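Below is one structure, written out as structure tokens, with a few remarks after it.
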Protein chains: 2
Amino acid sequence: MCDSCGCSDHSVAEVRTTEEHVHVLRDLLAENKHQALHNRLHLDQHGVVAVNLMSAPGAGKTALLEATIAELAGQYRIGIIVGDLATENDARRLRRHGVDAVQIETGQVCHLDSAMVHRALHDLPLDELDFLFIENVGNLVCPACFDLGQHHNVVLLSVTEGADKPAKYPVMFRVADRVVLTKLDLLPYVGDFQPEAAIAALRGLANTAPVQALSARSGEGLDVWLTWLTTIRKSRPMYIQVSS
Amino acid sequence: MCDSCGCSDHSVAEVRTTEEHVHVLRDLLAENKHQALHNRLHLDQHGVVAVNLMSAPGAGKTALLEATIAELAGQYRIGIIVGDLATENDARRLRRHGVDAVQIETGQVCHLDSAMVHRALHDLPLDELDFLFIENVGNLVCPACFDLGQHHNVVLLSVTEGADKPAKYPVMFRVADRVVLTKLDLLPYVGDFQPEAAIAALRGLANTAPVQALSARSGEGLDVWLTWLTTIRKSRPMYIQVSS
């Protein structure tokens, strides 16, 4: 196994693949799916709506969460799980705003998986939470494949990254339930980012998810984001226990 | 196996890991390493210097290559291998500048591997090239683990991404032989990016690689980059065939 990174099976597409390889990979993903279903049931039982935020590194996931907490903390109780290969930086940033934030250091792993999230859930006061935000590892490829038990997948795309990203990272943009174009305040200086082109690239993947733009720094567009959150909170999945 | 992505073994860190899993992963990485050594020998035989460009999506790898070609094309012959999950966008962009560019569409795979590069090498006129640039898949995690046969690893970090990235993505920044801070023209508008902090984070990983800043758009700092390329070209590995 690679000393510095867990991401080694990717090469199955190119190196000599055996039946054994395929069997092992199927096994691992089935295990992840099973645990994710358990997580989702657990969240439903506690009435918590879970949103999984995914993006490239530095697209502004933590900044969006900070702005969200500032606006919603009086109304809703928010818990956060943050994934990074290393450092507690983001959880520390978020705890300053008075929310419960659990950092998962993935070490050599390039995404969160459902087993990591399951363990983190036990460190959060689920009975008291309205929202759980999961800030995934900054990676526009791998996190897309791992169901964590979330209810909604939000994919962030910074205007500095280029409008063709949905076409170039189809795996990620196909699983998006909502796409948020971030760093809108930088748009005048970037010059060559056409939001319409990003939307067209998303539609090219047959994904009809809503797309919105915002700037966590200036606050522009934040109202649309907050309205969406309020809506998904109101229409959250209900868990009905059937007594025997 | 995941239907939409090859990245499934990552979860070995968390899900039930068996000896079989570990065996399979070791096997795949050993295969990659073996092919990479073959690629490097092949490049040395043809006197080609190979530079592997890695970064998060949208950090400006293609823009840097365009600026590089514009400056060096009269002096050196340049070949390019571009990796993306989908689309030929980048190879098309680069071919407009009159260079040989081979696009690898990785499909479900989040990085280039040495077998992919090996096949692409056969589509390039190696005997006529001075430089081979490999533009890896935009991903600040997984490409770090896969030796492709390159001579130099360059990691790009856009000033819009945040200065703590080396600490948060240590696997990638540890393998960097050179770090290039890109989109320097956006620095005044980003506000909170301290180049010194990015360098300190890199040094925190015990990596002493040179760090430089540039803007492919304004041209600022490009001279330093071009000087480095000229230097590594002059001091390229020599291949001496021993006659039997």
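The values are calculated or read from the model by the stated rules, or taken from the named source; none is laboratory data. Computed from a prediction, not measured in an experiment: that's the story for all the values here. Backbone-built Cβ (ideal geometry, glycine too); neighbour counts: all protein chains shown.
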Residue B:185, sole failed condition from (1) charged (D, E, K, R); (2) outside any loop (DSSP other than H, G, I, E, B); (3) within 18 Å of residue A:90 (Cβ to Cβ): (3)
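Let's see how each residue does on (1) touching a Ser or Thr at 6+ places or on another chain (Cβ under 7 Å); (2) modelled with pLDDT under 95; (3) of a type in the set (Ser, Thr, Tyr); (4) under 30 Å from residue B:25 (Cβ atoms):
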| site | (1), (2), (3), (4) |
| --- | --- |
| B:147 | yes, no, no, yes |
| B:155 | yes, no, no, yes |
| B:176 | no, no, no, yes |
| B:196 | no, no, no, no |
Residues located in the stretch B:203-223, provided they are charged (D, E, K, R) and under 10 Å from residue B:183 (Cα atoms): B:217, B:220
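So, in the stretch A:194-212, of the ones that are in a loop (DSSP other than H, G, I, E, B) and over 18 Å from residue A:140 (Cα atoms), which residue ends up farthest from the other protein chains (Cβ to nearest Cβ)? It would help to see each step written out before you state the result.
So the first thing to find is which residues in the stretch A:194-212 are in a loop (DSSP other than H, G, I, E, B), and the list is A:194, A:204-210.
Still in the list and also over 18 Å from residue A:140 (Cα atoms): A:194, A:206, A:208, A:210.
Working: A:194: 14, A:206: 13, A:208: 18, A:210: 21 Å.
So the residue we want is A:210.
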Residue within the stretch B:68-82 that is among the aliphatic types (A, V, I, L, M), surrounded by fewer than 23 Cβ atoms within 10 Å (Cβ to Cβ) and at pLDDT below 95 present: yes
Cβ-Cβ under 9 Å pairs, at least 6 apart or on other chains, the stretch B:18-32 side modelled with pLDDT of 70 or more, far side of a type in the set (S, T, N, Q) and part of a helix (DSSP H, G or I): B:28/A:11; B:29/A:11; B:31/A:11; B:31/B:114; B:32/A:11; B:32/B:114
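Determine whether residue A:113 is in contact with a Ser or Thr (Cβ under 6 Å, 6 or more places away or on another chain) and either surrounded by fewer than 24 Cβ atoms within 10 Å (Cβ to Cβ) or not charged (D, E, K, R) (or both).
On the way: in contact with a Ser or Thr (Cβ under 6 Å, 6 or more places away or on another chain): yes; either surrounded by fewer than 24 Cβ atoms within 10 Å (Cβ to Cβ) or not charged (D, E, K, R) (or both): no.
Against the criterion (in contact with a Ser or Thr (Cβ under 6 Å, 6 or more places away or on another chain) and either surrounded by fewer than 24 Cβ atoms within 10 Å (Cβ to Cβ) or not charged (D, E, K, R) (or both)), residue A:113 does not qualify.
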Failed criterion for residue B:15 (all others in (1) facing chain A (nearest Cβ under 10 Å); (2) modelled with pLDDT under 95; (3) surrounded by fewer than 19 Cβ atoms within 10 Å (Cβ to Cβ) hold): (3)
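Only one residue in B:202, B:222 is touching a helix residue (DSSP H, G or I) at 6+ places or on another chain (Cβ under 7 Å) and closer than 30 Å to residue A:106 by Cα. Which one?
Details: B:222 fails: closer than 30 Å to residue A:106 by Cα.
Only one candidate qualifies: B:202.
Considering only residues that are aliphatic (A, V, I, L, M) and either under 11 Å from residue A:173 (Cα atoms) or in a helix (DSSP H, G or I) (or both), which ones fall in the stretch A:213-228?
Going residue by residue through the stretch A:213-228, those that are aliphatic (A, V, I, L, M) are A:213-214, A:216, A:222, A:224, A:226.
Selection gives A:222, A:224, A:226.
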Test for residue A:180: is it in a strand (DSSP E or B), crowded, with 21+ Cβ neighbours inside 10 Å, hydrophobic (A, V, I, L, M, F, W, C) and touching a residue at least 60 places away in the same chain (Cβ under 8 Å): yes
Qualifying residue in the stretch A:136-143 (condition: out of contact with any Lys or Arg (no Cβ under 9 Å at 6 or more places or on another chain), in contact (Cβ under 8 Å) with a residue 24 or more places away in the chain and not hydrophobic (A, V, I, L, M, F, W, C)): yes
Residues of the stretch B:120-154 that turn out to be more than 10 Å from every other protein chain (Cβ to nearest Cβ) and among the aliphatic types (A, V, I, L, M), as a count: 9
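Restricting to the stretch A:155-172, name every residue that is more than 7 Å from chain B (Cβ to nearest Cβ) and crowded, with 24+ Cβ neighbours inside 10 Å.
The initial filter retains those residues of the stretch A:155-172 that are more than 7 Å from chain B (Cβ to nearest Cβ), namely A:155-157, A:159, A:163, A:166, A:172.
Correct list: A:155, A:156, A:157, A:159, A:166, A:172.
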Matching option when the condition is more than 30 Å from residue B:33 (Cβ to Cβ), touching a Gly at 6+ places or on another chain (Cβ under 7 Å) and not aliphatic (A, V, I, L, M), among B:191, B:138, B:162, B:219: B:162
The lone exception for residue B:204 - which of (1) within 24 Å of residue A:62 (Cα to Cα); (2) crowded, with 23+ Cβ neighbours inside 10 Å it fails: (2)
Test: residue in the stretch A:89-97 that is of a type in the set (Gly, Ala, Ser) and either touching a Pro at 6+ places or on another chain (Cβ under 7 Å) or farther than 21 Å from residue A:222 by Cα (or both): yes
Unmet requirement for residue A:53, which otherwise passes all of (1) more than 22 Å from residue A:181 (Cα to Cα); (2) in contact with a Phe, Trp or Tyr (Cβ under 9 Å, 6 or more places away or on another chain); (3) more than 8 Å from chain B (Cβ to nearest Cβ): (1)
Filter result for residue B:157 (assigned to a helix (DSSP H, G or I), under 24 Å from residue B:83 (Cα atoms) and under 16 Å from the mean Cα position of the chain (by Cα)): no
